[in-house]
1. If you take every DSSP beta bridge fully contained in the chain, what fraction is antiparallel? Give it as a percent rounded to 5.
2. Using helices alone, what [θ] at 222 nm do you get for the chain, with -39,500 (n - 2.57) per DSSP H run of 4 or more residues, divided over all residues and rounded to the nearest 500?
3. Can you figure out the FRET efficiency of ARG106 with THR131, using R₀ = 30 Å and their beta-carbon distance, to the nearest 0.05?
4. Dividing the alpha-carbon Rg of the range 229-314 by 2.2 N^0.38 Å yields what?
5. According to a simple spin-label model (label point 7 Å from Cα along Cα-to-Cβ), what is the distance in nm between ASP297 and ARG176?
6. Take the alpha carbon atoms of the range 14-43, find their center, do the same for the range 152-195, and report the distance between the two centers in whole angstrom.
7. Can you give me the relative contact order of the chain as a percent, contacts being Cα pairs under 8 Å and 6 or more apart?
8. Roughly what angle does helix 313-323 make with the longest principal axis of the chain, taking Cα atoms, 0 to 90 degrees, to the nearest 10?
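None of the figures in this text is laboratory data; all of them are computed from the coordinates on show. Predicted model only: the values in this text are computed from it and were never measured. So basically every Cβ, Gly included, is an ideal-geometry build from the backbone, and we count neighbours across all protein chains shown.
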Amino acid sequence: MRDEPARAATAIEVADFRQAYGDFEAVRGVSFTVRRGEVFALLGTNGAGKTTTMESLLGFARPRAGSVRVLGLDPAKDGRALRPRIGVMLQEGGFLGDLTVGETVRLWRGMAADAGRSSMAGTLEMVGLATKERTRVRQLSGGQRRRLDLALAVLAEPEVLFLDEPSTGMDPEARRGTWQIIHDLRAAGVTVLLTTHYLEEAEKLADRLAIMHQGRITTSGTVDEVVTPAGDQIHFRLALPPAGLRERLREGLPFLDGTAATTAHSGDGTRVTYALPASPEAGRAHAALRPLLDWADKHELTLERLEVCRGTLEDVFLRVVEEGR
């Protein structure tokens, strides 16, 4: 039997979950847990199964096989007990366009089983819509509608918050404001499960994440655990066009730790990148810089805009897609 404290610390549990539409198996044996008070990002390509997984967690569909639990409850069977404890922000809000923002919030408060202690003014202020209370919903921009979606999702002060593409359509300022709201909710102990196509969003927000492809989870863990296999990268610019580069460097660019450079012409110069393979050695990129700098001194070259960075979540995501073809 599982340890009860461990069970109490788990907000969401998905075990060998499978879902199908006719003969098409959309989700093929997915398992993951989300601990209380953490932000978990579920990433994947279009059609990977993210929305299907979230729909079952919300009780919209029963699993074809396996199980899903939210706060220890079966969403499909225990919806009445579960709904007051969760908040949901779907991709489409289904607003009534002729209602004002304020009327929409009041209507939602009236239908909520427990509207919590949050005032309408405070909630609209939190999502940056304080000046839009009397504006009709149809007059809002796409990003403002997403912020109204978020306001309704947190109005009842949920224990678990489901966010499906929360910052779609937002400008950079609004997106960062939404990230701060999610940070604050996490700090207050709210568990957040989000899906997103903005990989930077997942890197900024998620304590842990999983990448889905073709109905399966291909990799999961903390951002560091997922990104580390992508290795480190070294970038710099040489103020030489391709022809000048070939003439000046007849032997070509050096290998760094067995890795060849890739180049891209940019203006009157050449952008050079080394993608070092993954290594448990934390100083691998640092060690690779020494022969590179010696080589540059020997050829009297300046490595402009030299930078060393780790691989990115985008690198991992693209590798997952490529390997899944």
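1. If we restrict to bridges inside the chain, about 70 percent are antiparallel.
2. Taking each H run of at least 4 residues, the total per residue is -9500 deg cm²/dmol.
3. Working: r = 17 Å, r/R0 = 0.57.
Computed FRET efficiency for ARG106 and THR131: 0.95.
4. Here the Cα radius of gyration is 1.08 times the empirical estimate.
5. Result: 4.0 nm between the two label points.
6. 20 Å
7. On the way: 583 pairs, mean separation 60.5, N = 325.
This gives 19 percent for the chain.
8. It works out to around 90 degrees.
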